[in-house]
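Where a number appears in this text, it was derived from the coordinates with a stated rule and is not lab data. Fair warning: this is a prediction, and the values are worked out from it, not measured in the lab. No Cβ is skipped: glycine too gets one built from the backbone with ideal geometry, and neighbour counts run over all protein chains shown.
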Amino acid sequence: MKDMVFEAFNNGRFVIPGEQRAFDAIPWSKHPTFEGVELKHIVTAKETGGSYSFHLVRIAPGKSILDHIHDPQLETHEVIAGNGTCINDGCEIEYVPGVISVMPPKVHHEVHAGDDGLYLFAKFMPALC
């Protein structure tokens, strides 16, 4: 089931008036710091004048995005599939499909994938990249 839900999202599209962008045409890239983490940059700072960016995040089973902050970005996570935990400002949040978490600027957070891996839709305001 998790693969079906994530693949439906992964094969989705970004739509705004006058433009559509198929997600499956956007390549995955390895996270520059964290092993087992891949990113798909759906909408970037270049396309939004720096106001926001959207990213699919795929974390392999047992892998993590370790403690970090963003400044000046607010970050949101929407859990699409899989399982894991997020430590958000010192509080542990169970990550299961349907959970949305918000990390304000300068708040420490980390994400750990469970046995099924973890699939997130992450948004940054202003844009991360």
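Simple spin-label model, 7 Å along Cα-to-Cβ: V102 to K46 in nm?
3.1 nm
What FRET efficiency, computed as 1/(1 + (r/R0)^6) with R0 = 25 Å and r the Cβ-Cβ distance, is obtained for L74 and H31, rounded to the nearest 0.05? List each step's numbers first, then the result.
Values: r = 20 Å, r/R0 = 0.80.
Efficiency, from the Cβ-Cβ distance: 0.80.
Given a cut-off of under 8 Å on Cα pairs at least six residues apart, what relative contact order in percent is computed for region 15-129?
For region 15-129, the relative contact order is 31 percent.
Ordered by residue, what ³J(HN,Hα) values in Hz, to whole numbers, does region 93-105 give under the Karplus form 6.51 cos²θ - 1.76 cosθ + 1.60, where θ = phi - 60° and Gly and Pro are x?
Karplus values, whole Hz, x for Gly and Pro: 10, 6, 9, 9, x, x, 7, 10, 10, 10, 10, x, x.
Take the alpha carbon gyration tensor of region 41-110, find the square roots of its eigenvalues, order them as a ≥ b ≥ c, and report rounded if a/c is under 1.5; if not, report prolate when a/b exceeds b/c, else oblate.
Numbers: a/c = 1.99, a/b = 1.35, b/c = 1.47.
It comes out oblate by the Cα gyration axes.
Run the quick spin-label model on F23 and V5: label points 7 Å from Cα toward the beta carbon, then report their separation in nm to one decimal.
Result: 1.3 nm between the two label points.
With N denoting the number of residues in the chain, provide Rg(C-alpha) divided by 2.2 N^0.38 Å, to two decimal places. Could you put the intermediate results ahead of the total?
Values: Rg = 14.0 Å, N = 129, 2.2 N^0.38 = 13.9 Å.
Relative to the rule-of-thumb radius for its length, the chain sits at 1.01.
Nothing charged except the Cβ atoms of Lys and Arg (+1) and of Asp and Glu (-1): what's the magnitude of the dipole of region 1-118 about its Cα centre? Round to the nearest 20 debye.
Numbers: 9 positive and 17 negative charges, 85 e Å.
So the magnitude is around 420 debye.
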